[in-house]
Amino acid sequence: MPGSAVVMIESFELVSVSPLVAIVDDDVSMREALEDLIGSLGYRALMFGSAHDYLASPERSQVACMILDVQMPGMTGLDLQTHLVEHKTAPPIIFVTSFGDDTVRRRAMRSGAVCVLEKPVQEDEIIGCIDKVLRGGAGEG
Amino acid sequence: MALTLAAVSVALIVFAFDTFSGYESAIAVLYAVVLVLVAPGRDQRVLVAAALVCGALTVMSFVATHWGAMDASNIGRVLVALVAIALTAALLFSRLSLHQARTALGESEANLRIMADTVPQILWQALPDGRIVYLSRRWTEMTGATIADGLAGDGLAFLGWFHPDEQPTALQEWTEFIRDGVPFEFYRRLRMADGSHRWLQISASPVRAAGSGEIEKWAGVATDIDDEMRAQLTVRATNQTLEARVAERTAELARSERRYRSAFEQTHVAMLELDLTAVAQELDAARLRGNGDGAADLAAHPEAFERCLNALRVLDANRAAVDLFGATDREALLARRGPLIRSRTAEDIDRYYALVERRETIEAEAEIVVLDGRVVKVLFGVSPIEAPDGRCHVLVGMIDVTERDRAQELLLAAQEELGRANRAATLGALSASIAHELNQPIGAVMMDAQTAARWLERDPPDLASAKRALARVAGNAERASGILRRTREQLVKGRRSVEPLDAGEVAASAIALIERELRLNRTRAELRVAEDLAPVEADRIELQQVIINLVMNAVQAMRDTPPAEREVIVDVSRAEAEVAVAITDRGSGIDPAHIDRLFEAFYTTKPGGMGMGLQICRATIESFGGTLDVRNNEAKGATFAFTLPLLNGDER
């Protein structure tokens, strides 16, 4: 799997259309870890410390995928999802949460989330989710 | 005297005329005149002598003038004269007798009157119907009223002098006395001349006619007995007062007796009156056998002590006692035989001697076996009480404390449960917060490590990126460790109140708190506290928690030890400038492979354990400035030992 992904990424790099992945997480260490992971996969990453920062960003229309933390001060991940869905500006969302809370999972999935992953996140799980979004999106596009 | 002279003159003239005149007549008849003159106020013998003299003179004159010429006519004349003298004398004689009798009577009457008037009583007489007809002069002297006043009102006015209190019934009573017709006596107060009243004793007897026995009159006497009466009244009043006092006191005693009786009956304290006379005899006998030391003798001869205890008798018991002993009624309890108290210690023997011989009051706690065989724990007090004939009676009061102890046990258990729940809740909240806080760096570490691997797997490997990722791994690991350290510090600090403590006392209170767990786990705990302990500086609750934790660890370590050997020793001793506390168990000890990891956080050998206990204990002790270590014992089990510095570095 990882091997084929790499091949695929390299093919994207060739056309120099590197998809943009938004990372919204209040924890800086998680943000950094995710950014590096996205980079190692060959995508570009945009990092936001809060939902408001994301909403204020001019680049968000180009975002192809979002990795969203559930537990955040102020607007939570679920609130942001709801807001984006209502404004029909929601990119495909991969949720990352500390709590294996079924309610959170159901709400997120009902609103169209691609994945809901629990921390600590296993590498192959999150890569699988990103591939699903970007490869599928590329196939459609 | 004049009459005597006249009589003698008349006698001489008659004699001279009769003798010398020669006149033939019965001139001697005139001697009667002499007698008449002599008689008044004379003795009868004088009269008789005068008559004889006159007779002799008549005969002498006759003989002198008619000697030799005596004839019938002159003899007749002389005889007439003599008869006249005799008759006159006789007449005068009887008259004199009558006069004398009269004189004597008059004197006697006067004497009686004087007597009646001089005796210090009022003498009185009354008609058969009670109307007074005579009062002696003493009446006037006493009442100041005249006798006529007293006799007025148809002979009943005297009643008006009686005391006003007696006035209304005076007449009726007087009439009743009189009507009974027998001697009577009564006491009344009479008004005196000065207005005061004096007590009189009035007694009366009926005087009956000789023949018919009809009452002719009443005679009586009224005696002033005021002084005696008053004295007597005073005595009577005093007696009455005394009697009243005695009655009052008796009533009071009766009331008090009733009161105590009712207190005895109604109190919720079980009360028994025991007869220990036979017990006392047994104790005496034991003293003789033991050469003065009865206690030693009874201790050596349990059967003798048993006999002694069996000798007590229940004399009385109140309602609460009947209930306490589970008896159907009082009689059932009184019929009970045998000892009351279950234990048979040397102390029990001493108590009996103290109670019976030194008559001391005793208070203690004991277990008694009641009628239905249950064992009841009681708090009791015994006091000797007064008993007749040198008997030995005691009063026992007892309160059932079984319920109290059970309630206390339940309370302790509830407190413990609450404490445990609290600790669990605190730990739960704590672990959740730790989990959340640690999750971030740990999640980041995982991801970074995996990403680093990815950079390295590239061909060619991106070493710079891998290095950056690994640097983040180190940073996040550092952060996780910082969270743990901070948490631990928070656990042992913040709610601290450090004060001078007696470590021995804290250890005792800690053991008391888990007494129930110890019992449930059939484990004995022995506390040894050195005598020369100085105070240490620590937080009481935290120190208590550490000791509880270590003792509970010891208890759990002995789960597989036979119950007879399950023992925890808590030893509190002095060491240099510290107090040392060692908790030793007799369990299987600690696997030497694990002993070094024992104090690591989250390290546990217990199923379901958090692995925080010993970590927190050590941190707590270290925060007090002490150390906590563990070692396996040479024989069996392990010892957890910690030290605590003395207060202010006190070296004493």
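Condition check for B:His163 on (1) loosely packed, with under 15 Cβ neighbours inside 10 Å; (2) not assigned by TED's automatic domain parsing to the domain that holds B:Gly195: one failure, at (2).
Within region A:71-95, the residues that satisfy the criterion of being within 14 Å of chain B (Cβ to nearest Cβ) and modelled with pLDDT of 90 or more are A:Ile94, A:Phe95. Criterion applied to B:Glu416, B:Glu437, B:Glu403, B:Glu409 was being surrounded by 14 or more Cβ atoms within 10 Å (Cβ to Cβ), modelled with pLDDT under 80 and more than 14 Å from chain A (Cβ to nearest Cβ), and the one residue passing it is B:Glu416. The criterion of at least 1 residues that are touching an Asp or Glu at 6+ places or on another chain (Cβ under 7 Å) and in the same structural domain as B:Arg307 (by TED's automatic domain parsing) is met, among strands (runs of 3 or more DSSP E) falling completely within region B:343-416, by B:375-385, B:393-400. Looking only at region B:277-336, residues that are assigned to a strand (DSSP E or B) and surrounded by fewer than 19 Cβ atoms within 10 Å (Cβ to Cβ) come to 3 in all. If you check B:Ala170, B:Ala244, B:Ala210, B:Ala193 for being outside the structural domain of B:Leu324 (by TED's automatic domain parsing), free of Cβ contacts under 8 Å to residues at least 40 places away in the same chain and in a loop (DSSP other than H, G, I, E, B), only one passes: B:Ala210. For region B:384-399, indicate whether the set of residues that are over 27 Å from the mean Cα position of the chain (by Cα) and within 17 Å of B:Leu333 (Cα to Cα) is non-empty. No: zero hits. Looking only at region A:21-47, residues that are more than 10 Å from the chain's Cα centre (by Cα) and part of a helix (DSSP H, G or I) come to 12 in all. With respect to (1) surrounded by 17 or more Cβ atoms within 10 Å (Cβ to Cβ); (2) within 24 Å of B:Glu303 (Cα to Cα); (3) β-branched (Val, Ile, Thr), the lone exception for B:Val378 is condition (2). The set of residues in region A:31-70 that are hydrophobic (A, V, I, L, M, F, W, C) and away from every other protein chain (no Cβ under 13 Å) comprises A:Leu46, A:Met47, A:Phe48, A:Ala51, A:Leu55, A:Ala56, A:Val63, A:Ala64, A:Cys65, A:Met66, A:Leu68.
Can you name the residue in region A:106-128 that is of a type outside the set (S, T, N, Q) and farther than 21 Å from A:Asp79 by Cα and, of all such residues, is farthest from the other protein chains (Cβ to nearest Cβ)? Can you show your working first?
Taking region A:106-128 as the starting set, the residues that turn out to be of a type outside the set (S, T, N, Q) are A:106-110, A:112-121, A:123-128.
Among the residues that remain, those that are also farther than 21 Å from A:Asp79 by Cα are: A:120-121, A:123-128.
Numbers: A:Pro120: 4, A:Val121: 6, A:Glu123: 4, A:Asp124: 9, A:Glu125: 11, A:Ile126: 8, A:Ile127: 9, A:Gly128: 13 Å.
Out of the qualifying residues, it is A:Gly128.
Could you please find all residues in region A:67-93 being out of contact with any Gly (no Cβ under 6 Å at 6 or more places or on another chain) and closer than 22 Å to B:Leu438 by Cα?
A:Ile67, A:Gln71, A:Met72, A:Pro73, A:Gly74, A:Thr76, A:Gly77
Got at least one residue in region B:129-151 being closer than 19 Å to B:Arg198 by Cβ, assigned to a loop (DSSP other than H, G, I, E, B) and under 53 Å from the mean Cα position of the chain (by Cα)? No, the conditions are met nowhere in region B:129-151. Just wondering, is there one or more residues in region B:220-231 that are on the phi > 0 side of the Ramachandran plot and surrounded by fewer than 11 Cβ atoms within 10 Å (Cβ to Cβ)? No: zero hits.
Looking at B:Ser94, is it farther than 30 Å from B:Ser196 by Cβ and at pLDDT 85 or above? When the stated conditions are applied, B:Ser94 passes them. Please work out if A:Val28 is surrounded by fewer than 16 Cβ atoms within 10 Å (Cβ to Cβ), within 14 Å of chain B (Cβ to nearest Cβ), out of contact with any strand residue (DSSP E or B) (no Cβ under 6 Å at 6 or more places or on another chain) and modelled with pLDDT of 85 or more. In short, yes.
The values are calculated or read from the model by the stated rules, or taken from the named source; none is laboratory data. Note that the structure is predicted; figures quoted are calculated from it, not measured. Cβ: placed from backbone, ideal geometry, glycine included. Neighbour counts: every protein chain shown.
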